[in-house]
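I have placed the structure first, in the form of structure tokens, so that the comments after it can refer back to it.
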Amino acid sequence: MDKKIKYLDKIHSPQDLKKLDSSEYGGLAQEIRDVLIETVSKNGGHLASNLGAVELTIAIHLMFNSPSDRIVWDVGHQAYTHKLLTGRYDVFDTIRQKDGISGFCHPNESEHDTFYSGHSGTSVSSAYGIAQANKIKRNNNYTVAVIGDGSFTGGLVYEALNNAGRSKTNFIVILNDNEMSISKNVGSVAKYLTKIRSKKKYVRMKARLERFLDRIPLVGHAMAQGLFKFKTAVKNLIYESTIFEKMGFRYMGPIDGHDIGSMCEALETAKSLHSPVLLHVNTVKGKGYDYAEKDPSYFHGISDFDINTGEPHSTGDTFCNEFGKLMCKMAEKDRRISLITAAMSLGTGLTEFSNKYSERFFDVGIAEEHAVTFASGLAKGGMLPVFAVYSTFLQRCYDEIIHDGALQDQKLVLAIDRAGFVGDDGETHNGLYDVAFLQSIPKVTVYSPATYDEMKVDFGNAFYRDSDVVAVRYPRGGEANIPEDYTPSFGTYDIYGDEAAEIVLVTYGRLFSETAKAVRELEKRNIKAKVLKLNRIKPIDTEAIDRTLNSKYIFFFEEGVRSGGIAEKLAAELLQRGYKGGYDITAVEDCFVKQAKVPELIKDYGFDSESMVDKIVKKTTEV
């Protein structure tokens, strides 16, 4: 960095933070923002949400004693400042890189990271579990859940709040509200009352008055109840009672999340209540970086970019963009086509569609389960719904796909983006499981195109040929290099290479490019091989199976988990039909895949052409 670091290289734990004078907090916050912008511009990552949470995070670590007090970050992509304040500044430049630190909270990294949090809406449930465990063990430490307003579109949050509200635990939920106003407080009186109710002196005085009235014989308790009802009525005239108070939480806020002093005072008051508290904090996404403030959605999750212009370093066509353009073209011709996203319109390429066909575009928020069942209702009403979703988030919808889709014989189309390795976001975001769990559901058809043209054909089949639930899965990024001598049939499968070859490489999707390279390299070594490229991976065309029965050796290469995958399925089918040759499966074994660039992962897991050739030469020589 060009700017000299004054504070961060001295902060190795939250205890070091507490040694600073309050006059230094502003300088620290600016220094943190400089580091965030500089690092994310090089590594990519979640910028806008982290810039908005700087002062909030400083205040939390000033007022609580992590890790004795547990801080649970929802999603975790707003926890970069937390990482910097808990001893990871010296390795922060490795964030989201191979062998570096994770872009999310990760317990293996630090004792200050309570959970690995890559999916939203889980913090209140898990933090409440810790709070109850503390209560059972008579441990008076605090548990804090930090959750963004976007997560409040997910039902799990309300299930947790409803369960936790009257628990009498040292449990504080901090709602980081940077987009929507949950509490409609207007005017100077409301602001004054908010400030008063956030002060510890007010809380103590109120508690003393209630105890005093309760001691008065006969009438004391009735007087206390009457005063409480009168106070509540007056308060509700000035600003509305919140849903959180109905659930049993003590509500405080909204508080300026960029005012560290006010935040600390409010947190001190919340601690003194010794009961569930919801502290509503207002912050600004992207604060401190003009481009991110103006377009926080774009800078929510971004690849490396130019700090001076805010422009990304890499551009070009992607499956995501091609999907968005395709949906616009198809929707122009068919008014039944409607698109659904779960707070990911930009990430799934649907910005243009949302503008052109707003009446047929539905952003349901971070509520993937609802999205699938809602799509089922649209289908029942005669529409052709498409749910555009990242593979990793589709995992939440398993029951709905079964019960509300396949079982109901509904035409639902799942556009599964980020299928396979995703890379920098690591374990929680790699799309390695959709094939395995969709494989287990009856009446589901799955396509895995290798090219944009194949994707167009697959969606045409999904809308107008196939029945029930149809999934089209495609990777992050663009097309791989397809061999010039490959002529697609746009059918359920293709054969590439020497038809008579007795060595077969079976694959689908992105890996076709690598298997084609491997076949050409093997030919140079006088080893004849061919690729069985599956375009429709569920159900597998029986003709494709028949054409491999007489092979001498079959090598499966699958960018997904082995257990329950296509390779295992096809191998079992071949064996049942009497296949006598050898076979080998290369897939992701029983593990979670850490962050790294996609090309690095392709090589590490043996999916690059060089690794394929080495394996095939070795195995066939052994035979």
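The values are calculated or read from the model by the stated rules, or taken from the named source; none is laboratory data. In this text the structure is predicted, and so the values were computed from the model without any measurement. For neighbour counting, all protein chains shown are included, and Cβ atoms are generated from backbone atoms with ideal geometry for every residue, glycine included. Protein only, heavy atoms only, side chains kept; ligands, DNA and RNA dropped before computing areas. Shrake-Rupley method; radii C 1.70, N 1.55, O 1.52, S 1.80 Å.
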How big is D for the range 292-362, in µm² s⁻¹ as a whole number, if Stokes-Einstein is applied with the Kirkwood radius of its Cα pairs at 20 °C and 1.002 mPa s? 159 µm²/s
Let's see if you can work this out: charge +1 on each Lys and Arg Cβ, -1 on each Asp and Glu Cβ, no other charges. What is the dipole magnitude of the range 382-475 about its Cα centre, in debye to the nearest 20? 200 debye
Binned Cα-Cα distance frequencies in the range 450-530 - 10 Å width, integer %: 16, 45, 27, 11, 1
For semi-axes √(5λ) of the Cα gyration tensor in Å, pick the label among (1) 51, 26, 25; (2) 52, 27, 22; (3) 39, 29, 25 that corresponds to the value derived from the coordinates. (2)
Heavy atoms only, probe 1.4 Å: what % of the accessible area of the range 1-45 goes to carbon and sulfur, would you let me know? 46 percent
What's the carbon and sulfur percent of the range 291-430's accessible surface, probe 1.4 angstrom, rounded to a whole number? 49 percent
Residues whose built amide H sits under 5 Å from the amide H of Arg476, excluding neighbours closer than 5 in sequence, are Arg418, Ala419
5 angstrom amide H check on Tyr583, placed H, neighbours 5+ away: Ile554
If we count every other residue with Cβ under 11 angstrom of Tyr80's Cβ, Lys/Arg +1 and Asp/Glu -1, where does the sum land? +4
Direction-averaged shadow area of the convex hull around the Cα atoms of the range 332-373, nm²? 3.0 nm²
Taking amide H positions as placed 1.01 Å from N in the peptide plane, with prolines and chain starts having none, which residues 5 or more places from Tyr251, or on another chain, fall under 5 Å of its amide H? Leu278
A 1.4 Å probe over the protein heavy atoms gives the range 502-584 a carbon and sulfur accessible-area percentage of 42 percent
Any of Lys83/Lys615; Lys533/Lys580; Lys98/Lys287; Lys443/Lys603; Lys6/Lys98 with alpha carbons more than 31 Å apart? Name them for me. Lys83/Lys615; Lys443/Lys603
To the nearest 10 degrees, the tilt of helix 319-333 (Cα long axis) against the first principal axis of the alpha carbons of the chain is 90 degrees
Regarding the range 5-150, what whole-number volume in Å³ per residue does the convex hull of its Cα atoms give? 104 Å³
Shape of the range 447-594 from its Cα gyration tensor (a ≥ b ≥ c, root eigenvalues): rounded if a/c is under 1.5, otherwise prolate when a/b > b/c, or oblate? rounded
Mind listing the phi-derived Karplus ³J(HN,Hα) values for the range 429-446, rounded to whole Hz, using 6.51, -1.76 and 1.60 with θ = phi - 60°, and x for any glycine or proline? 10, 5, x, 9, 10, 4, 4, 5, 7, 5, 4, 8, 9, x, 6, 10, 9, 10
With only Lys, Arg, Asp and Glu charged, each at its Cβ (+1 for the first two, -1 for the last two), find how big the charge dipole of the chain is about the Cα centre; round to the nearest 20 debye. 3000 debye
Once both axes come from the Cα atoms, what is the angle between helix 54-63 and the longest principal axis of the chain, in degrees from 0 to 90, rounded to 10? 60 degrees
What are the ³J(HN,Hα) couplings of the range 397-402, residue after residue, when phi is run through the Karplus curve with 6.51, -1.76, 1.60 and θ = phi - 60°? Round to Hz, x for glycine and proline. 9, 4, 5, 5, 4, 5
Relative to the longest principal axis of the chain, what angle (0 to 90°, nearest 10) does the C-alpha long axis of helix 566-576 take? 40 degrees
Can you find, among Gly100, Ile37, Tyr89, the residue farthest towards the positive end of the dipole of the range 14-105? Put +1 on the C-beta of Lys and Arg, -1 on that of Asp and Glu. Gly100
What ³J(HN,Hα) values, in whole Hz, does the Karplus curve 6.51 cos²θ - 1.76 cosθ + 1.60 give for the range 172-177 when θ = phi - 60°, with x put for Gly and Pro? 10, 9, 9, 8, 8, 9
Accessible area per residue of the chain at 1.4 Å probe, in Å²? 43 Å²
